[in-house]
Every structure is written in C-alpha cells, then in structure tokens.
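Reviewing the structure listed below.
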Amino acid sequence: MAVKVGMISLGCAKNQVDGELLMAKLKAAGYELVDDVAMADVAIVNTCGFIESAQKESIDEILELGLLKKEGRIKKLVATGCLAERFQGEMRKELPELDGVLGIGANEDPAKYLRDMLESGPIEAFPEKEKLPLSGDRELTTPSWSAYLKIAEGCDNRCSYCAIPYIRGGYRSRTMEDIEQEARALARNGAKELVLIAQDTTRYGIDLYGEYSLAKLLKRLSGIEGIKWLRALYCYPDAITDELLEVMADEEKVLPYIDLPLQHCSGKVLRAMNRRGDRESLEALIEKIRSKVPGVILRTTLITGFPGETEEDFTQLSEFVKTVKFDRLGCFTYSREEGTPAASLPDQLDQEEKERRAGIIAEQQMDITGEKGEALIGKTVEVLVEGFDRYAECWFGRSYMDAPDVDGKIFFTAPEKRPTLGSFVQVKIEDCMEGDLTGSLELNV
C-alpha cells in the first residue's frame, strides 16, 4: 500500500506555493496524499520562521502532531519550510518529536528524503537554497478559480529587521516564458484570478533582464484567455515605475490594486531599517499613484516599536496614516529576530509600548476603513463568488479591492438566484459592518 502523506502549510502564500510543489512531487513518486494530516502515515509541517509569533505557531503545530504520533495515529513527523531552514541544527534537539528536518533546497527531491527516512530512520538535509524549485506541477490548495503565481524567490533588499535573505537567499526571477506557461496551465484548470507573489514583485526581472520587468510580465499575462483578474502583491515603493502604473491604468485585466509594504514614514526610522524614503517622498509617490491609476486601492503594512522609534517618530506615523487614508492597512509590532542587524540596535522598546502604538494605528485605520466602506453604499460592484455562509444565510466573495486571505469580504443575499462559485456577479452595496460590505445581488444587469 502507498504511504499516506498529509501537510499543514503555515505562513505566507509563497510558502504555500512551495508546499504545493512539494506535494505534487510526492504524488508523482507514488505517495498517497490525504487532506487530514491525522489520517497520514507521514505528517509534514511546512513551517514559517519569519517572526517570533509565526515560529511559535509552527512549533505548536509540531507539538500537537507529536501527540498524535505518540498515540500511534501517525508514524513519522517532518518539518520543512522557513523555520527548518533557519534553525537547521537546533530543530531536532529542541523538538525530538521530529523524524525529519528538511531545508528548502530539499524540495527539489522530497521523495528521496522521505524514502531515506522511512528506510533508515531520522534525517536532516539542507541542500543549497538555490535548489528550491521555482516551477513545476502543483497540488493546488486554493479554490480552482484563484491561484497564486510565484514569479521570483529570495530577496536582496536586506532590511535590517528581516531574516528572509538569510533563509531564502538572493533574489532569483523566473523567466517570463516559464511564468506564462504556468499561468496558461492554471487558466486551463479554471483559474480566473492570478495573484502574483514574490518577496518583492516590483524587482521582478532585474537579475535576468537588467531592468524592472513586472509591467512587461503583466502585459504578457493579460493575453491569456480565461484569466479575468491579475493582481500583484508586495510592490516595494522605490521600484514602482511609470510603466507599471500605465499598465495598471490601461490593461483591463490588471487590477488597480497596489500592496505597498512601507513599514514606516519617518526618514530616521526607515534609514535604521535600511530602507529608503521619508514621509515627503512617500506621500508624493502615493499622490502620483492615485493620479495615474483611477480607482486604485492601496494596501500597506506598518511596524510600530522599531528600535529607536521615538514618540515624535510615532506621531509622524500616526499623522501619515490619517493623511494618506490607505484603503487597507495591517500594523505589526516589531519582532526582534535573532541574527538580524536590528536585533543588536540600542533603544529597544518594551512589548507593551509596541502594542500600545500598534493599537492606536489599528483604531485609526478602522475609522478610515469604515468611512471608505460607507462611501460605497448605494454603488454596484463586481464580486467573485467564493462561498455561502450558512449561519448568516448569505453568499460572500471579493471585489477587485480585496486580495485573498488578507482583505475583507463582501456578503450578499441572492433570494431569487443561486450564484455559481467562481463566477462574477454584480452586487449592490447596502451597508458596511466592521470593514466588511453587505449587499444584494443585482439581477437586471
């Protein structure tokens, strides 16, 4: 009988794609894939190691599955992904429940390592990071109508708080031909929305073509039949080109949605983060984006409590949020990550103060989100239907304004018509509740 393998994938969408590639390789090698890891012979935790809270989630998952292993419900337990790569020599010492610890380079041939583990006992393998596959068959874990498309791996930005370059290595773009081939395959499989991801999508192509090439890639992918929405996440501010904004404004399939992970607006704090810009330059960029791309939705992420962030720096950040009025915003407290330059900086803030500041930003953004939601009441928006909430007795989905997993939903009633999952419908917005919009299906459109 085939060995049953199940996976729990944690962390970001990029890690999720790695897990999908890994599972497809195991399936091709004859392993039987199961959705419920409790029913597997081999349980894999595709870990996240980005910040402390994510590391804790990965460790808790391993410990929980370790109990199932102790009960004999699963036979072997394996850790893959960022935490496994980052803390190579420590994983099995700290977590003896693990039978295997595989770095990201082991994703090139996971079946070999699982076979060695099953035949010879516990295994630890950490091939070169560059062996991590960037393309190949995938066992999709997203609904058929929406899929992530990873266009590059690694990062060269070297932000002082971030461990990703040490975990994932330098920036490596896929060729346009390779990406287009996968995009066409996803479209044939029913995908209508492709979400382009990388640690920094705006730097796509700089290593292969000597120039920022995201705009050219998006234009190329726009020609694929069946794809209706193209969305790009993680667009760094200093690489937003005029060409990219023109493509967003002119190409119908390229959604006017920009995810700008700014982290802060104080020039002093940004320099300490090893990032570029200041409040003045960022506000000028945002004004430019809004003037060139009608209807654009701007999402950002911010960090409070970075070492040396004074009350004056934080006040500047707070005023920035109130002035710019981002459509979507996530705010996180600074996480002191071992091995990063920022971990050794003076003037580290205590957790309570970090959280106080993050709470202020979150409250400000809640008011802004409410204002923007109320402005949509009475308008009709196009919605990608994703499911039915049987408790609320209504349908739900997303508009172009909402990226999967990170933004809100639009909930709507459809008493006279049952929408098809994965279809696009017109919804008249009637109310806004805690960031989510509610409405009803428009029948005569």
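The values are calculated or read from the model by the stated rules, or taken from the named source; none is laboratory data. Only a predicted model underlies this, so the values are computations on that prediction, with no experimental measurement involved. Cβ: placed from backbone, ideal geometry, glycine included. Neighbour counts: every protein chain shown. Just the protein is used for accessible areas: all its heavy atoms, side chains included, with ligands, DNA and RNA removed. Shrake-Rupley method; radii C 1.70, N 1.55, O 1.52, S 1.80 Å.
Rg/Rh for region 1-148 stands at 0.93; both radii use Cα atoms, and Rh follows the Kirkwood definition. Annotation: average projected area of region 125-167 is 4.8 square nanometres, based on the convex hull of Cα atoms across all directions.
With contacts taken as Cα pairs under 8 Å and at least 6 residues apart, the chain reaches a relative contact order of 9 percent.
Put simply, the amide H of VAL254, placed in the peptide plane, has neighbours under 5 Å in LEU230, leaving out anything fewer than 5 places away on its chain. Both numbers refer to the Cα atoms of region 19-64; Rg and Dmax are 12.5, 36 Å.
Using the 1.4 Å probe convention, the accessible area of the chain works out to 44 Å² per residue with neighbouring protein chains retained. The C-alpha radius of gyration of region 96-205, expressed as a fraction of 2.2 N^0.38 Å, stands at 1.24. According to the calculation over all Cα-Cα pairs in the chain, the P(r) per 20 Å bin from zero is 23, 56, 21, 0 %.
Across q = 0.09, 0.13, 0.14 Å⁻¹, region 148-285 modelled as identical point scatterers on its alpha-carbon atoms has Debye log10 I(q)/I(0) values of -0.28, -0.57, -0.66, in the order of the q list. Counting only DSSP beta bridges with both residues in region 124-238, what percent are antiparallel, rounded to the nearest 5? Of those bridges, close to 20 percent are antiparallel. Here is how the number arises for the chain: DSSP H runs of 4 or more residues each give -39500 (n - 2.57), the sum is divided by the residue count, and the result at 222 nm is -10500 deg cm²/dmol. When the Gaussian network model of the chain links Cα atoms closer than 10 Å, the mean-square fluctuations of THR420, THR80, THR304 top out at THR420. Shown in residue order for region 197-213 are the 3J(HN,Hα) couplings computed by the Karplus curve 6.51 cos²θ - 1.76 cosθ + 1.60 at θ = phi - 60°: 9, 5, 5, 8, 5, 5, 8, 3, x, 4, 7, 8, 10, x, 7, 5, 10 Hz (x for Gly and Pro). Shape analysis of region 358-428 based on the Cα gyration tensor places the equivalent ellipsoid semi-axes at 25, 13, 12 Å, largest first. Projected onto their three principal axes, the Cα atoms of region 100-141 cover extents of 30, 22, 14 Å, largest first. The loop-placed chymotrypsin sites (Phe, Trp or Tyr not before Pro) in region 351-445, going by DSSP, that have at most 10 neighbouring Cβ atoms within 10 Å of their Cβ come out as TYR391. For the cross-link pairs LYS150/LYS228; LYS25/LYS150; LYS192/LYS409; LYS192/LYS219; LYS379/LYS417; LYS219/LYS379, the ones whose C-alpha atoms lie over 23 Å apart are LYS219/LYS379. In order along region 294-308, the phi-based Karplus estimate (6.51 cos²θ - 1.76 cosθ + 1.60, θ = phi - 60°) of 3J(HN,Hα) comes to x, x, 5, 9, 10, 10, 9, 10, 10, 10, 9, x, 5, x, x Hz; Gly and Pro are listed as x.
The GluC sites (Glu not before Pro) of region 306-364 meeting both criteria, a DSSP state outside H, G, I, E and B (loop) and at most 12 other C-beta atoms within 10 angstrom of the site's C-beta, are GLU338.
Here the chain has 48 percent of its accessible surface on carbon and sulfur atoms, given a 1.4 Å probe and all protein chains in place.
Loop-only check: which trypsin sites (Lys or Arg not before Pro) in region 253-341 are DSSP coil with at most 14 other Cβ within 10 angstrom? Here the trypsin sites (Lys or Arg not before Pro) that fit, given the DSSP loop and packing criteria, are ARG276. Note: relative contact order over region 85-207, using C-alpha pairs below 8 Å and six or more positions apart, is 24 percent.
Panel values: region 238-389, Kirkwood radius from alpha carbon pairs, Stokes-Einstein at 20 °C and 1.002 mPa s, translational diffusion coefficient 125 µm²/s. Cβ-Cβ distance of SER120 and SER281, R₀ of 56 Å, FRET efficiency by 1/(1 + (r/R0)^6): the value works out to about 0.50. Only one residue of LEU21, LEU262, LEU282 has its Cα farthest out toward the positive end of the dipole of the chain, where Lys and Arg carry +1 and Asp and Glu -1 on Cβ, and that residue is LEU21.
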